[in-house]
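Engineer: Questions regarding the structure given below will be posed in turn.
The values are calculated or read from the model by the stated rules, or taken from the named source; none is laboratory data. Everything numeric here is computed off the predicted structure, so don't read it as measured data. Counting neighbours? That spans all protein chains shown, and the Cβs are built from the backbone with ideal geometry, glycine included. Accessible surface is based on the protein model in full, side chains and every heavy atom, while ligands, DNA and RNA are left aside. Shrake-Rupley method; radii C 1.70, N 1.55, O 1.52, S 1.80 Å.
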Amino acid sequence: MNAYDIIIVGGGPGGSMAAKTAANLGLKTIFFERGRKPGEKNSSGCGLGPRLWKDFPSMMKELTPEKCPSMRAGSAARNYFVNKEGVVAGYIMNHPTESVSYEPAKSWITMNCYRSEFDPWIADFALEAGAELKTSTLITNLLKKDGKISGVVDEHNNKYEAPIVIGADGAVSMVAKQSGLRTKWALDQITVTPQYDFQASPERIDDIMGDEALAVWWSAIFPASYQVFFHDGFHQGLGNWLNKWDKNPLYYLNRVINLKYYQRLIRTLDAKPRELQSHLLPWLRYPYNTHTDGVILIGDAGGFPCPLEAEGIYPAIVTGKAAAETAAEAISADNFSKDFLSKYDILWKKTSVGEEFEAGEELYNIWKALPFSPQETMTWFVPMFMEVMGGIFDWSQPHAKRVRQIASQIKSYMPKALPFIMKYVFPLLAKIFEEDLDKMMDPQKLMSAIPKIMDLLPKKKKRRDET
Amino acid sequence: MNFNDLTKHISGSVDYISIDQNKCNRCGQCILVCIVNLWRKIDNIISISEDYKEKCLECAACYQVCEADAIEFQYPSGGTGIVFEKG
Ligand SMILES: Cc1cc2nc3c(=O)[nH]c(=O)nc-3n(C[C@H](O)[C@H](O)[C@H](O)COP(=O)(O)OP(=O)(O)OC[C@H]3O[C@@H](n4cnc5c(N)ncnc54)[C@H](O)[C@@H]3O)c2cc1C
Ligand code: SF4
Ligand code: SF4
């Protein structure tokens, strides 16, 4: 008899953490993975956030290059700004700044590591805790008895019973669908993200990139594209919501690859394309329908990636733990009702993931309107930003005159920039500082003030001897 | 770049993507989002390439984008289909 206390569908980071937690709590636990091993069907997100080390220190200190040879610390990030002519108009490199408050976040922004190595690594913790893993097993439906969830069934009609099922099956979740929690995502809740993996020698990456093992290519001609370096290679990918594409996503990714600047980088790194991947990544304002009678959804299946940057591994691990803890309580109370399982929402909302979603709507809106709206926004944002960053160190005019030129140039972007600031920046600030916006500053006044200040800048400066 | 050189598949799956012509409204969204161009429109009929199991990235974008619910999608049989070694 295949009877368990808890069933987990999916052997990604979320499923493995749920299985580890459940087994540690003494539950008879099984988790299923459709790949021949965890990580074989990974969803490719490879930058591990430092909050993992903060919250799960004893586990994370065991992540070493011996176990995951592809590890490379993303100690610094490059931000390239590509204008509408496809020219890299400038770039900024940043290390973690002085306000960052703990290690390892002070040392690096992300720890990069292929998921084909990370997912089996984290699954081992579940196995050590006593959970059972069934690989090469596609779960196709939920079992129901007297209208209640009673387990799962695989494609060969093998049945596994448990009073509670955790959906850790990623963006296209069978558990979400069969439990009636969600048939499909709305088009503005899900992105598609194609990605190339390039091979390059570790020494060249060390020499050419140094600490700068992360990059974002902000652009007016493609949605923001990220670059993540590993020990012997790198990813280049980009995504956008399913209702935002006017051409094939690969057309835009190839635009990055075909930039003159990028081609030079490929040549200097002597990089060769090695793999092509594409995945869906849920990206929403706020998770909804996270549980029902006998079912809890975690990680991507529950829509938990961060609303700003879609960091999803940490949220999957945090919600996996919260779901297993809720399940253990439900088992003790012998109560698997939706109402009882709402403890899950209380739990995750108290975590760092819950805190992230407090400004979920504002973060989501600004991000979507900025790097993911290349034509509408980045066409003015990139030149405006570069005007500020790069304009002054220019020898074409006396510097005071340059400042006036720059100011007048910036003024010309204001008809587009001001509405943007009003619509996206102020609401975000108001949310973050938890204060009514008009108490901080009156946007109406500010709106009328900024252009006036710009007008006050004299066109010509009086000469010193004239005064 | 040739996609086949950049992907690795294990064969043996049952069919896992199908289209219901009665529901399809020929909007072309599946064609637009498929990274490896497996969907096509011939004589105003939308269909998926016959060798899709050897090429599909299993992203499910075609399924997700279809607002007419004309595409049936399930992952390929356990232990088959695409393998991401560097993902
Ligand atoms: C291109 C890309 C880049 C990203 N970059 C980052 C990043 O840098 N940092 C970050 O933190 N996040 C990143 N993310 C997000 C991150 O990858 C996900 O949020 C995270 O993997 C979610 O973990 P999960 O365990 O919920 O689901 P998944 O990792 O998707 O795991 C689900 C598992 O379930 C299995 N499965 C699915 N259905 C079934 C079934 N029916 N039966 C059996 N098994 C099944 C799958 O094979 C898979 O192993 C990125 C995502 C993408 C697509
Ligand atoms: S997306 Fe759906 S409705 Fe549109 S063409 Fe494709 S199958 Fe038909
Ligand atoms: S799952 Fe992805 S790769 Fe496969 S046919 Fe659909 S869109 Fe194309």
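Engineer: Report whether or not B:G12 is in contact (Cβ under 8 Å) with a residue 24 or more places away in the chain and either more than 9 Å from ligand 3 (Cβ to nearest atom) or not basic (K, R) (or both).
Structural biologist: The answer is yes for B:G12.
Engineer: So the check is Cβ under 6 Å with 6+ separation or different chains; which pairs have a first residue in the stretch A:169-191 that's basic (K, R) and a second one that's away from ligand 2 (no atom under 16 Å from the Cβ)?
Structural biologist: Close Cβ pairs satisfying both conditions: A:R182/A:A176; A:R182/A:N289.
Engineer: Within the stretch B:25-43, how many residues turn out to be away from ligand 1 (no atom under 16 Å from the Cβ) and either in contact with a strand residue (DSSP E or B) (Cβ under 8 Å, 6 or more places away or on another chain) or open to solvent by 90 Å² or more (accessible area, probe 1.4 Å) (or both)?
Structural biologist: Number of matching residues: 12.
Engineer: Looking for something of a type outside the set (A, V, I, L, M, F, W, C), open to solvent by less than 70 Å² (accessible area, probe 1.4 Å), within 16 Å of ligand 3 (Cβ to nearest atom) and in contact with a helix residue (DSSP H, G or I) (Cβ under 9 Å, 6 or more places away or on another chain) - is there at least one such residue anywhere in the stretch A:89-109?
Structural biologist: No; the residues of the stretch A:89-109 include none that is of a type outside the set (A, V, I, L, M, F, W, C), open to solvent by less than 70 Å² (accessible area, probe 1.4 Å), within 16 Å of ligand 3 (Cβ to nearest atom) and in contact with a helix residue (DSSP H, G or I) (Cβ under 9 Å, 6 or more places away or on another chain).
Engineer: Sticking with this structure for a sec: Could you list, in sequence order, all residues of the stretch A:110-128 that are of a type in the set (D, E, K, R) and crowded, with 24+ Cβ neighbours inside 10 Å?
Structural biologist: A:R115, A:D119
Engineer: At least 3 residues that are over 20 Å from the mean Cα position of the chain (by Cα) in each: list the helices (runs of 4 or more DSSP H) lying fully within the stretch A:4-105 that qualify.
Structural biologist: Hits in the stretch A:4-105: A:13-24, A:57-60.
Engineer: Another question, if that's okay. Evaluate the following for B:I31: is it closer than 22 Å to A:K41 by Cα and β-branched (V, I, T)? Don't jump to the end; show me each part of the working.
Structural biologist: Values: closer than 22 Å to A:K41 by Cα: no; β-branched (V, I, T): yes.
No.
Engineer: Under the condition of being away from ligand 1 (no atom under 16 Å from the Cβ) and more than 10 Å from the chain's Cα centre (by Cα), which residue from the stretch B:1-18 is least open to solvent (accessible area, probe 1.4 Å)? Don't jump to the end; show me each part of the working.
Structural biologist: Step one: list which residues in the stretch B:1-18 are away from ligand 1 (no atom under 16 Å from the Cβ), which gives B:1-5, B:11-12, B:15, B:18.
Imposing the further condition that a residue be more than 10 Å from the chain's Cα centre (by Cα) reduces the set to B:1-5, B:11-12, B:15.
Numbers: B:M1: 124, B:N2: 89, B:F3: 50, B:N4: 79, B:D5: 116, B:S11: 103, B:G12: 68, B:D15: 109 Å².
Among them, the one singled out is B:F3.
Engineer: Then there's this: For the stretch A:335-347, what are the residues that are free of Cβ contacts under 8 Å to residues at least 40 places away in the same chain and either within 18 Å of the chain's Cα centre (by Cα) or not in a helix (DSSP H, G or I) (or both)? Give the derivation first.
Structural biologist: To start, the set of residues in the stretch A:335-347 that are free of Cβ contacts under 8 Å to residues at least 40 places away in the same chain comprises A:335, A:339-340, A:343, A:346-347.
The one that is free of Cβ contacts under 8 Å to residues at least 40 places away in the same chain and either within 18 Å of the chain's Cα centre (by Cα) or not in a helix (DSSP H, G or I) (or both): A:N335.
Engineer: In the stretch A:388-409, what residues are out of contact with any Gly (no Cβ under 9 Å at 6 or more places or on another chain), surrounded by 13 or more Cβ atoms within 10 Å (Cβ to Cβ) and hydrophobic (A, V, I, L, M, F, W, C)?
Structural biologist: A:A407
Engineer: Just to be sure, is B:A60 touching a residue at least 12 places away in the same chain (Cβ under 8 Å), on the phi > 0 side of the Ramachandran plot and within 13 Å of ligand 3 (Cβ to nearest atom)? Even if it seems obvious, please write down each step before you answer.
Structural biologist: Working: touching a residue at least 12 places away in the same chain (Cβ under 8 Å): yes; on the phi > 0 side of the Ramachandran plot: yes; within 13 Å of ligand 3 (Cβ to nearest atom): yes.
Considered against the rule, which asks whether it is touching a residue at least 12 places away in the same chain (Cβ under 8 Å), on the phi > 0 side of the Ramachandran plot and within 13 Å of ligand 3 (Cβ to nearest atom), B:A60 comes out as yes.
Engineer: Could you tell me which residue of the stretch B:36-55 is nearest to B:N4 (Cα to Cα), considering only residues that are in contact (Cβ under 8 Å) with a residue 24 or more places away in the chain and away from ligand 2 (no atom under 15 Å from the Cβ)?
Structural biologist: B:K55
Engineer: Inside the stretch A:232-245, can you point out the residues that are facing chain B (nearest Cβ under 8 Å) and touching a Leu at 6+ places or on another chain (Cβ under 8 Å)?
Structural biologist: A:L242, A:W245
Engineer: Scan the stretch A:41-67 and report the pairs whose first residue is at positive phi and open to solvent by 30 Å² or more (accessible area, probe 1.4 Å) and whose second residue is within 6 Å of ligand 1 (Cβ to nearest atom) and at pLDDT below 95, with Cβ atoms within less than 6 Å and a gap of 6+ or a chain change.
Structural biologist: none
Engineer: Would you say A:F229 is more than 16 Å from ligand 3 (Cβ to nearest atom), within 14 Å of chain B (Cβ to nearest Cβ) and in contact with a His (Cβ under 9 Å, 6 or more places away or on another chain)?
Structural biologist: Details: more than 16 Å from ligand 3 (Cβ to nearest atom): yes; within 14 Å of chain B (Cβ to nearest Cβ): yes; in contact with a His (Cβ under 9 Å, 6 or more places away or on another chain): yes.
Yes; evaluated as a whole, the condition is true for this residue.
Engineer: I need a count of the residues in the stretch A:129-159 that are crowded, with 21+ Cβ neighbours inside 10 Å and either under 21 Å from B:S13 (Cβ atoms) or within 13 Å of another protein chain (Cβ to nearest Cβ) (or both).
Structural biologist: 5
Engineer: Something else: Which is farther than 18 Å from A:D246 by Cα and within 16 Å of ligand 1 (Cβ to nearest atom), of B:Y63, B:Y52, B:Y75?
Structural biologist: B:Y75
Engineer: What is the number of the single condition among (1) in contact with a Pro (Cβ under 7 Å, 6 or more places away or on another chain); (2) within 10 Å of chain B (Cβ to nearest Cβ); (3) buried (at least 24 other Cβ atoms within 10 Å of the Cβ); (4) not aliphatic (A, V, I, L, M) that A:G11 does not meet?
Structural biologist: (2)
Engineer: Of all residues in the stretch B:64-87, count the ones that are open to solvent by less than 30 Å² (accessible area, probe 1.4 Å) and closer than 29 Å to A:E117 by Cβ.
Structural biologist: Within the stretch B:64-87, residues that are open to solvent by less than 30 Å² (accessible area, probe 1.4 Å) and closer than 29 Å to A:E117 by Cβ number 12.
Engineer: Also, I was wondering about something else. Across the stretch B:64-87, which residue is nearest to ligand 2 (Cβ to nearest atom) among those that are over 24 Å from A:N158 (Cβ atoms) and within 7 Å of another protein chain (Cβ to nearest Cβ)?
Structural biologist: Taking the candidates together, the pick is B:V65.
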